[in-house]
Amino acid sequence: ITLSVSLLSCCVIPSPLNFQVLVYIALPVAFLFTIAMMLPLFRFLLGIALASSVSKSNVAVEASNFSKAHAHTGKVEPFTPGDPKIKLDGKATSILSAGKPYQTQVQTGDSGRGLVIQDVDAPTHVVWDKILDFDNYGNMVPKCFESKNYKIIDHKPTKANNFLEKEIFTRMKVGFPMLKLEYFVRHFVYIQHHKALTWTLDYTKESDFDDSCGYWYIAPHPDNPEEKTRLYYSVGVSMFDWVPKFVVDFMSSKALTDATAWVKKFSEIEWAKEVAKGGASKSSGAGSQVKDKGPLFSLPFFGNRQKKEEEERLAREAAEKAAMEAQAELEEKKKLIVVRAGFRRYLLVSLVVVLAAYNLNTVIAGGFLKEKSA
C-alpha cells in the first residue's frame, strides 16, 4: 500500500519530496515486508493479528486449558506396548554401529508409521531413567520449554490390565520462542513385562495438539546386553489447521530423530559418569546396579596392568565424547553463521535496491529541475 501510494504521488505530482519518500520509505518497507512474508512464522503471526483485529470478542487461536476437556477422546490410533519385531539387515546394522539413527516403517492396521531405532552406549536402566525423567525434559529435550508431572497413578500389573505398572500425567510446553504449544500427556508404563512405554493425550484436558500418541521400546543390545541398549521410538501427531506447516513438519518427522538423539546423548553422559566413579559396571534391572568385584585371586603385576588398560579405555572414551561434543558445538555455530549470513544477504540486497532507487531519483529529479529552470 505504501509503495502504491508513493508511486501514484510521484506520477501525479513529480516533486523531489515525493521521490525521496518513494526511495527512503516506500521501497525499503515494501522490500522488507516481501522478505518477511516468505517466513512461515511471520505469515502465521500476521494472520492471528488480522483475525484478532476483526473479532475483538474472542481470541484467534483456541488455547490449552487445564480445566476444560479436549474436543474428542482420540483420533490417532494408540500404540500397543511390546516388541515391534523389526528385522534389521546389514545396511541397518552398519548405520546403527556408526552411532546413527536408523529410520524405517512399522505397520499399524491399514497404515504405516515412521519408526526410529538407535543404539545407545549405556545399559537399559540408565536409558529408562532419562526417558522417565519428565520433570527434567526442559533441560534435555530440544524445543521443550517446560515439563511437569501433575498426577501419578500406580497399578498392580495383571493380565487384565496388560501388565500396566504406572500412569504418569505430564504437562508439556514445546515449540519455538515466538510460538509455544502446550499439551497434556498420559503415559502408560509397561517396563517389566513389555519393556515399553506408550502415551496418548490426557483427553480430560484441552491441548494445543489435536491429537498425539507415541511409543518407546527399550531392549538390551544383542551384542552387549549388559552395557548397551537398542531403543525404538515412534510418534503419531495430528495438528490443528492454524498451526504453521514448519511446526507440523518438526513434530511429525524431525522429532523422530531428535527424540532418540537426546536420549542417546544424556544416557551416555550419565553412564560415563557412573563408570568413571567406579561404582557401576553391569545392570540387574531398571534402576539397579551391581559392582564388579573382579577376580578373587590376582597377582599385583596383572592387577596393575588391568587397571592401566581400564584407565586408558576410559581416557579414550572421554576423548571421543569430548570430540563429539565439540563437533556438535561446531555444527550449531555453523547453523548460526548460516542464519546470520542469510539476514546479511537480505540487508545487502535491500541496500542495493535503495541505492539503485536513489540513483534513479537523482537522475529523474535532475532532469525535472533542468526542465523547470529552462
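The values are calculated or read from the model by the stated rules, or taken from the named source; none is laboratory data. Note that this is a predicted model, so its numbers are computed, not measured. Cβ placement follows ideal geometry from the backbone for every residue including glycine, while neighbour counts extend to all protein chains displayed. Quick note on the areas: whole protein, heavy atoms, side chains included, nothing else; ligands and nucleic acids left out. Shrake-Rupley method; radii C 1.70, N 1.55, O 1.52, S 1.80 Å.
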Exercise. Using only alpha carbon positions, build the gyration tensor of the range 166-238, then give the equivalent ellipsoid semi-axes as the square roots of 5 times its eigenvalues, largest first, whole angstrom.
Key: 28, 15, 9
Quiz item: Going from most exposed to least, what order do H155, H193 have by accessible area with a 1.4 Å probe?
Solution: H193, H155
Exercise. Please report how many Lys pairs in the range 127-218 have alpha carbons closer than 18 angstrom, counting only residues at least 8 apart along the chain or sitting on separate chains.
Key: 19
Quiz item: Along the three principal axes, how long is the range 182-279 when you take its alpha carbons, biggest first, rounded to the nearest angstrom?
Solution: 52, 30, 24
Quiz item: By accessible area of protein heavy atoms, probe 1.4 Å, what ranking do D258, D89 get, highest first?
Solution: D89, D258
Self-check item: Accessible surface of the range 61-130 [probe 1.4 Å, protein heavy atoms]: carbon and sulfur percent
Solution: 47 percent
Exercise. For the range 101-215, just say rounded, prolate or oblate: build the C-alpha gyration tensor, square-root its eigenvalues into a ≥ b ≥ c, call rounded for a/c under 1.5, and beyond that prolate if a/b exceeds b/c, oblate if not.
Key: rounded
Quiz item: Per-residue HN-Hα couplings for the range 129-146, Karplus 6.51 cos²θ - 1.76 cosθ + 1.60 at θ = phi - 60°, whole Hz, x for Gly and Pro?
Solution: 4, 6, 5, 7, 7, 4, 5, 10, 4, x, 9, 10, 8, x, 6, 9, 9, 9
Practice problem: With a 1.4 Å probe and every protein chain kept in, tell me what percent of the accessible surface of the range 185-264 is carbon plus sulfur. | Solution: 51 percent
Quiz item: What is the magnitude of the charge dipole of the range 130-202 about its Cα centre, with +1 placed on the Cβ of each Lys and Arg, -1 on the Cβ of each Asp and Glu, and no other charges, expressed in debye to the nearest 20?
Solution: 100 debye
Quiz item: In terms of solvent-accessible area of protein heavy atoms at a 1.4 angstrom probe, what is the ranking of D208, D129, D241, highest value first?
Solution: D241, D129, D208
Quiz item: Using modelled amide H (1.01 Å from N, peptide plane; none on Pro or chain starts), what sits under 5 Å from the amide H of F163, excluding residues fewer than 5 places away?
Solution: T158
